[in-house]
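Working notes, structure below.
Where a number appears in this text, it was derived from the coordinates with a stated rule and is not lab data. None of the values given here were measured: they were computed from a predicted structure. Glycine also receives a Cβ, built like all others from the backbone with ideal geometry; neighbour counts cover every protein chain displayed.
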Amino acid sequence: MRRAGGALAVTAGVLGILAAQLMFVLDGIDSTPESKNFVTFVAIELGAVLLSFLTAASGAVSMSVQSKIPGALLIVAAIMAAFLGGPPVALFMAVALAGGVLVLIGDNRQEQGAPVQKA
């Protein structure tokens, strides 16, 4: 389940990067570099792109490690990117969030063929 969640997060992260770049271009058409809020606009949109990249990267890392830290980082990055990026990015980050939950609740022992002991 961890591998499936990681693959889901990587795919959603890459699509989130593309959506964030699209929103950057479409929203940037209306704003000009001379406006007061242009620096804030650029910082927010670049933050969404970087957080989407972090989502994809932590999804890739979480597929191969035993730790749950990349899964938690994936969830935090997906939530922050959803708030910064706008509706199209939020759609993909919701999918990445579901992948992060799968990573956190997944168990690598089942995927590696080792028997799972029941309590």
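Here are a few things to note about the model shown:
- Acute angle (nearest 10 degrees) that the helix 38-62 long axis makes with the longest principal axis of the chain, alpha-carbon atoms: 10 degrees
- Translational diffusion of the chain, µm² s⁻¹ [Kirkwood Rh, Cα pairs; Stokes-Einstein; 4 °C; 1.567 mPa s]: 88 µm²/s
- Phi angles of the range 65-72 translate, via the Karplus equation with coefficients 6.51, -1.76, 1.60 and θ = phi - 60°, into HN-Hα couplings of 10, 7, 6, 9, 4, x, x, 5 Hz per residue; Gly and Pro are given as x.
- Exposed trypsin sites (Lys or Arg not before Pro) absent - longest run of the chain, DSSP non-H/G/I/E/B, at most 11 other C-beta within 10 Å: 37-117
- Residues whose placed amide H lies under 5 Å from that of Lys68, excluding near-sequence neighbours: none
- Ranked by how many other beta carbons lie within 10 Å on average, peptides 59-66, 93-100, 20-27 from highest: 93-100, 59-66, 20-27
- Gain on full extension, evaluated as 0.36 nm per residue between Arg3 and Val39 minus their Cα-Cα distance, stands at 9.1 nm.
- Computed from label points 7 Å out along Cα-Cβ, the spacing between Lys68 and Leu91 is 3.2 nm.
- Residues of the range 84-101 with amide N under 19 Å of the 7 Å Cα→Cβ point at Ala60: 93, 96-97, 99-100
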